[in-house]
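S.K.: The structure's right below; bear with me while I get my questions together.
What follows is calculated from the coordinates using simple rules that are stated; it is not laboratory data. Computed from a prediction, not measured in an experiment: that's the story for all the values here. With ideal geometry, Cβ positions are generated from the backbone for all residues, glycine too; neighbour counts draw on all protein chains shown.
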Amino acid sequence: MIIGIGVDVVVVSRFAEQLKRAPALRDRLFTPAERGLNVRSLAARFAAKEAVAKALGAPAGMNWQHCQVVCDTAGDPHVEVSGTVAAVAESKGIARWHLSLSHDGDIATGMVVAEG
């Protein structure tokens, strides 16, 4: 059963400028494993995290580092949740996340489906 869906679009150049203006933002938004990625990948991951928040109903107090995009050995991205995000997901009965990332020109997109 689908419990929630979320989608977000990020303009990569604008996101890069935000990271440049506020370097601490990278540490606040991304896990240590994500921080070293290029800006296009970071923008897509941020879009995915926003999409997860939307699928959860945009709960207050969500820690961005409790949602991480990881790639399996084939390079396919997956959502991993912990802490505050996992607690909300569990309360809603979410057992599985489906994720799609896309880049086109200066746009990065993240789309998730939360399944129970």
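S.K.: With a sphere of radius 12 Å drawn around the Cβ of residue 30, what net charge do the other residues whose Cβ falls strictly inside it have (Lys, Arg +1; Asp, Glu -1)?
M.R.: +3
S.K.: By how many degrees, 0 to 90 and rounded to 10, does the Cα axis of helix 12-21 deviate from the longest principal axis of the chain?
M.R.: Approximately 70 degrees, to the nearest ten.
S.K.: I would also like to ask the following. Using θ = phi - 60° and the Karplus relation 6.51 cos²θ - 1.76 cosθ + 1.60, list the HN-Hα couplings for the stretch 37-42 in order, rounded to whole Hz, with x at every Gly or Pro.
M.R.: Values per residue, Gly and Pro as x: 6, 5, 5, 5, 5, 5 Hz.
S.K.: Then there's this: Within 10 Å of each residue's Cβ, count the other Cβ atoms and sort 62, 1 from fewest upward.
M.R.: If I rank by nearby Cβ atoms, fewest first, I get 1, 62.
S.K.: Listing 52, 88 from the residue with the fewest other Cβ atoms within 10 Å to the one with the most, what is the order?
M.R.: Arranged by neighbour count, lowest to highest, 52, 88 become 88, 52.
S.K.: Ok, one more. Counting only C-alpha contacts under 8 Å and six or more residues apart, can you give the relative contact order of the stretch 4-104 as a whole percent?
M.R.: 28 percent
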